[in-house]
Structures are given as structure tokens and as C-alpha cells.
Amino acid sequence: MEPKESVNGLKQVVLSTTLYTFGNKQSPRTPRQGKDIAVENNQVQPTQPPTGASTFADIDSAPLTGHYHRLEKNTLLPEGLDVIADGRDVGGPHSPTHHTIYPNRKMLFTEFVDKFLNSGWVYVGKKELK
């Protein structure tokens, strides 16, 4: 992902690939505290390895079914969010094409969730079992 400086000098990231995530028809599922993202005292921060919201570059590689949403390539993520490819296809521990959207600075968990949900996701449809 390409870093880009915003007007106020804070780091923002431009997506280099289209990403997909699951949820319901209305919105993506929020990251789960303690399962998807490490939360301490209602705050999140960068971790190693990064924890956050799961997304996929290829919807067919996702081991999930259900309603899903798309975030287009070249989308500017909100300040405070970053993304890393961490699927098995790039040597990571997750399913192929998996990417994690994670906080790149300390923030309230609710701020992270708000930024993730308001990144520009567009409802695409429903993935069924094959």
C-alpha cells in the first residue's frame, strides 16, 4: 500500500488493490475485540503482527460466505488506518489474499471501528457456498 501525506501532515494510505469484507446488507461486520483486534482499556494500537479487520483481495479465496462489501483500489483510507497483506500467498498465516486493516497509531476502539466502517465500503452482494 502506498503512503500518502494528508493536508494536515498525518500519514494516510492509498489502497493498491481492491479489498472485500463480509458483514450484512447494511455494513461490514465490526472487528471483534480480543478475537480480531487487541483491545486494552478501550484502546487499540499497532501490534506485531498487526491485528484489526479482515479483508480479502479475492472474494473467491475468502473461506467465508454471506453478504460482502468492496473497497476500491486507490481508495484513500482514513487517517489512522493502514493495511498489510498477510495471507499465505505472501508468507503470512491467513488464507490466501487476506489483508488486515489495522490502526497505525493509538486510538479508542470505537474510533477504529468508525474509521473502518466509514472507509467507503460498497455493498456488492452475497457469496454462496459452491
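The values are calculated or read from the model by the stated rules, or taken from the named source; none is laboratory data. From a predicted model like this one, the values you see are computed outputs, not experimental measurements. Cβ sites come from the backbone with ideal geometry, for glycine too, and all protein chains shown count toward neighbours.
Only one of the numbered conditions (1) crowded, with 17+ Cβ neighbours inside 10 Å; (2) more than 13 Å from the chain's Cα centre (by Cα); (3) farther than 26 Å from Lys25 by Cβ; (4) not charged (D, E, K, R) is not met by Gly91, and that is (1). Just checking, does segment 55-77 include any residue being touching a Ser or Thr at 6+ places or on another chain (Cβ under 6 Å), modelled with pLDDT of 95 or more, within 11 Å of Phe112 (Cβ to Cβ) and not hydrophobic (A, V, I, L, M, F, W, C)? Within segment 55-77 (the criterion being touching a Ser or Thr at 6+ places or on another chain (Cβ under 6 Å), modelled with pLDDT of 95 or more, within 11 Å of Phe112 (Cβ to Cβ) and not hydrophobic (A, V, I, L, M, F, W, C)), the answer is no, since none of the residues qualifies.
Counting only strands (runs of 3 or more DSSP E) that sit wholly inside segment 52-127, those with at least 3 residues that are under 26 Å from Asn42 (Cα atoms) are 53-56, 81-85, 98-103. Residues that are touching a Phe, Trp or Tyr at 6+ places or on another chain (Cβ under 8 Å) and either touching a residue at least 40 places away in the same chain (Cβ under 8 Å) or within 25 Å of Tyr123 (Cβ to Cβ) (or both) do not occur anywhere in segment 1-18. Looking only at segment 10-39, filter to residues that are within 14 Å of the chain's Cα centre (by Cα) and hydrophobic (A, V, I, L, M, F, W, C); which one of those is farthest from Val83 (Cα to Cα)? So, considering only residues that are within 14 Å of the chain's Cα centre (by Cα) and hydrophobic (A, V, I, L, M, F, W, C), the one farthest from Val83 (Cα to Cα) is Phe22.
Does Thr47 count as touching a residue at least 24 places away in the same chain (Cβ under 8 Å), out of contact with any helix residue (DSSP H, G or I) (no Cβ under 6 Å at 6 or more places or on another chain), farther than 23 Å from Glu128 by Cα and buried (at least 18 other Cβ atoms within 10 Å of the Cβ)? Steps first, answer last, please.
On the way: touching a residue at least 24 places away in the same chain (Cβ under 8 Å): yes; out of contact with any helix residue (DSSP H, G or I) (no Cβ under 6 Å at 6 or more places or on another chain): yes; farther than 23 Å from Glu128 by Cα: yes; buried (at least 18 other Cβ atoms within 10 Å of the Cβ): no.
No, not satisfied.
Residues in segment 15-39 that are at pLDDT 95 or above and part of a strand (DSSP E or B) were compared, and the one that is surrounded by the fewest Cβ atoms within 10 Å (Cβ to Cβ) is Gly23.
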